[in-house]
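*Asks:* My questions all concern the structure below.
The values are calculated or read from the model by the stated rules, or taken from the named source; none is laboratory data. Computed from a prediction, not measured in an experiment: that's the story for all the values here. Here the Cβ positions follow ideal geometry from the backbone for every residue, glycine too, while neighbour counts run over all protein chains shown.
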Amino acid sequence: MRFEPSCSYESIRRKTVDGQTALAWLSRGREDLCWDKFLQESPPGQYQQSTMWARAKEAGGWRPVRVVLTLGEQIVGGFQILRCKRWWGGIGYISKGPVVSAKHPEMADYAAELARDVSRRERLLALVVQPPDTCEQMAASLAAGGFSPGAPVDVSMADWYFDLRGGLEVLESQMSRQTRRKVRQAVRRGVAIREGGRQDMELFFHLMESTCRRQGVDPSPPDVSHLLALWDAAHPLGRLRLFFAEHDGRVLSGLLCIAFGKTFTMWKRGWSGMEGEGRPNELITFEALKWAVLNGYDFCDYPAFDERMAMAIQNGLPLSPEQERSRYCFITRFGGMARFAGEPRQFYPNPLVRSAVMFFKRGSTVRRNR
């Protein structure tokens, strides 16, 4: 897509990369159609780098700083930092970025360099970066560019992934026989699926909250205002879908999905805990996958999968009894595969802070190895 810098953009750098002049532009704008379109058309592009996601995260105090790289009039890469102030300083997070065009992989090193420069410019105490799931070049550039492994915040390291390009028939064939039977059972018992609207967000949050209580964890996001912010940012663009499973007028379960680029993400789910024998969770999951296939999505992502289970499955190892009883095992019965996300890395712009972090990190490593 042709890049047209608006008044919200500031030219901050130019550099010759492989004989071409690349310009770097900085913006704090809440909306950026050019950047979002670039993300949707780039295989490494994910919703976490979109302006839609930045607007949704405003409810938690995060603000965007966006850098776009151009050659001529075309966007060839960039990243979005979400920054948040804490009492001890500002922290920045590049989630699933930087993103560079497959036609210009040489821009990965420049993007890593710019991420360091912008973190200094913004006076961040720390910058956490998790590269895109499908971009090995960006991961290598971060490793070579002064970003050390690890992160001072929790970062999901695995997900469960479906390839939908074979169509509905292939998808159903990959489901376990028991799961297909449970889906049919739900239909026979009269469980129905409907799509919800903004007015249903509080209902969905209560379902999610109920699930979290049973699992002994805090709900994330922590309140309905965050969900409403996401709805207002994403639904007008057709990038959010809310499904409910109901029986005899009772809402049993809900599923909130993000549609971005060619990937459909089953982002959050909630279950009342009632009528499990009616199989509402199996039906709502199948219908969401079916919706994604019929609406032309190539992939479906179930995020925040258990890392140890993913490792065991990828290595063909048997699951422990505890793992087989876990909530993660549910999604594996629909087919799909485990996938690991890019390794998170961190950068501390202040050299004194960077030295202190490395000192304590070396000390903890020595203690673990004793």
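*Asks:* Does residue 74 satisfy the criteria of being surrounded by fewer than 16 Cβ atoms within 10 Å (Cβ to Cβ) and either within 24 Å of residue 347 (Cα to Cα) or out of contact with any Lys or Arg (no Cβ under 6 Å at 6 or more places or on another chain) (or both)?
*Replies:* yes
Residues checked against (1) assigned by TED's automatic domain parsing to the domain that holds residue 48; (2) on the phi < 0 side of the Ramachandran plot; (3) modelled with pLDDT under 90:
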site	(1), (2), (3)
120	yes, yes, no
124	yes, yes, no
127	yes, yes, no
130	yes, yes, no
133	yes, yes, yes
136	yes, yes, yes
139	yes, yes, yes
146	yes, no, yes
150	yes, no, yes
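*Asks:* Continuing with the same structure: So which pairs qualify, if the first residue must be in segment 245-263 and under 30 Å from residue 37 (Cβ atoms), the second must be of a type in the set (D, E, K, R) and part of a loop (DSSP other than H, G, I, E, B), the Cβ gap must be under 8 Å, and the two must be at least 6 apart or on different chains?
*Replies:* 258/239; 259/239; 260/239; 262/298; 263/298
*Asks:* Okay, moving on. Looking for whichever is over 17 Å from the mean Cα position of the chain (by Cα) and more than 24 Å from residue 126 (Cβ to Cβ) here; the options are 41, 31. Which one fits?
*Replies:* When all the criteria are applied, what remains is 31.
Every residue, every condition in (1) at pLDDT below 95; (2) in contact with a Gly (Cβ under 7 Å, 6 or more places away or on another chain), yes or no:
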residue: 216; (1), (2): yes, no
residue: 222; (1), (2): yes, no
residue: 231; (1), (2): no, no
residue: 235; (1), (2): no, no
residue: 239; (1), (2): no, no
residue: 246; (1), (2): no, no
residue: 249; (1), (2): yes, no
residue: 253; (1), (2): no, yes
residue: 256; (1), (2): no, no
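*Asks:* Specify which of the listed residues (305, 340, 347) is more than 30 Å from residue 117 (Cβ to Cβ) and either within 19 Å of the chain's Cα centre (by Cα) or crowded, with 17+ Cβ neighbours inside 10 Å (or both).
*Replies:* 305
*Asks:* Could you figure out which of (1) among the polar types (S, T, N, Q); (2) over 20 Å from the mean Cα position of the chain (by Cα); (3) surrounded by 15 or more Cβ atoms within 10 Å (Cβ to Cβ); (4) over 26 Å from residue 125 (Cα atoms) isn't true of residue 101?
*Replies:* All conditions pass for residue 101, except number (2).
*Asks:* Suppose the filter is at pLDDT below 95, touching an Asp or Glu at 6+ places or on another chain (Cβ under 9 Å) and of a type outside the set (Ser, Thr, Tyr); does residue 286 pass it?
*Replies:* Judged against the criteria, residue 286 is not a match.
*Asks:* Let me ask another. Residues that are under 17 Å from the mean Cα position of the chain (by Cα): find the helices (runs of 4 or more DSSP H) completely inside segment 167-269 holding 1 or more of those.
*Replies:* Of the helices (runs of 4 or more DSSP H) lying wholly inside segment 167-269, those with at least 1 residues that are under 17 Å from the mean Cα position of the chain (by Cα) span 224-234.
*Asks:* Out of the residues in segment 77-98 that are surrounded by fewer than 23 Cβ atoms within 10 Å (Cβ to Cβ) and among the charged types (D, E, K, R), state the one that is modelled with the highest pLDDT.
*Replies:* 83
*Asks:* Oh, and also: Within segment 236-254, which residues are surrounded by fewer than 16 Cβ atoms within 10 Å (Cβ to Cβ) and on the phi < 0 side of the Ramachandran plot? Break it down into steps so the answer makes sense when it comes.
*Replies:* Our first condition is that a residue be surrounded by fewer than 16 Cβ atoms within 10 Å (Cβ to Cβ); within segment 236-254, this holds for 236-238, 248-250.
Answer for segment 236-254, where residues must be surrounded by fewer than 16 Cβ atoms within 10 Å (Cβ to Cβ) and on the phi < 0 side of the Ramachandran plot: 236, 237, 250.
*Asks:* I've got another one for you. Restricting attention to strands (runs of 3 or more DSSP E) lying wholly within segment 295-370, give those where 1 or more residues are in contact with a Ser or Thr (Cβ under 7 Å, 6 or more places away or on another chain) and either charged (D, E, K, R) or modelled with pLDDT under 90 (or both). Give the steps one after another, and end with the answer.
*Replies:* On the way: elements: 299-302, 337-340, 345-347.
So the answer is 299-302, 345-347.
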